[in-house]
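Colleague: One structure is given below, represented as structure tokens, and several questions about it will come after.
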Amino acid sequence: MDKFLNLNITDLLTLLGHDTRGRVPGWEVGWIVFGVVIWVFFVLFLSVLVYNDAERRGANGLLWFIVVFFTMLLGLIIWLIVRPPKKERVERRVMVEKVLVCPYCRTENAPNTQFCSNCGSSLE
Ligand SMILES: [Zn+2]
């Protein structure tokens, strides 16, 4: 019984990459670790991309970062489906609304200008 148990532990350690004679883990284990690290960096990269995209579109970037990090490609696909349109378009419309129209000559002036660029009238 004792010998049977010893044999099993030896097999288990060999499976885990630890040779009982003190040899370092085989190159196969190294490649698996390398692959996992590359994969984690890839997922992290995707998550950061989605984070930036979400923030730019006025969504919760941190929430989407977590979603994509844990669900990976599934989260990315969901984001691509549900993501709102770019915020920049909305901002441009607001900018147009903020343009100061001269009450005398109807010239459009940039926001925060005090005098009309066409006729020089006060815009306040
Ligand atoms: Zn004017």
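The values are calculated or read from the model by the stated rules, or taken from the named source; none is laboratory data. Model, not experiment: these values are computed from the prediction. Neighbour counts run over all protein chains shown; Cβ positions are idealised from the backbone, glycine included.
Colleague: In the list R89, R83, which residue meets the criterion of being within 30 Å of N60 (Cβ to Cβ), at pLDDT below 80 and within 22 Å of the chain's Cα centre (by Cα)?
Modeller: On the way: R83 fails: at pLDDT below 80.
The conditions single out R89.
Colleague: Can you tell me which of V94, V99 is in contact with a strand residue (DSSP E or B) (Cβ under 9 Å, 6 or more places away or on another chain) and either modelled with pLDDT under 85 or not assigned by TED's automatic domain parsing to the domain that holds Y51 (or both)? Explain how you work it out, then say what you get.
Modeller: On the way: V94 fails: in contact with a strand residue (DSSP E or B) (Cβ under 9 Å, 6 or more places away or on another chain).
Unique residue meeting the criteria: V99.
Colleague: Restricting attention to region 57-64, does a residue exist that is on the phi > 0 side of the Ramachandran plot, touching a helix residue (DSSP H, G or I) at 6+ places or on another chain (Cβ under 8 Å) and either within 16 Å of the ligand (Cβ to nearest atom) or modelled with pLDDT of 85 or more (or both)? Break it down into steps so the answer makes sense when it comes.
Modeller: Filtering region 57-64 down to residues on the phi > 0 side of the Ramachandran plot leaves 58.
Subsequent filtering for residues that are touching a helix residue (DSSP H, G or I) at 6+ places or on another chain (Cβ under 8 Å) retains 58.
Adding the requirement that they be either within 16 Å of the ligand (Cβ to nearest atom) or modelled with pLDDT of 85 or more (or both) leaves 58.
The answer is yes, given that some residue of region 57-64 is on the phi > 0 side of the Ramachandran plot, touching a helix residue (DSSP H, G or I) at 6+ places or on another chain (Cβ under 8 Å) and either within 16 Å of the ligand (Cβ to nearest atom) or modelled with pLDDT of 85 or more (or both).
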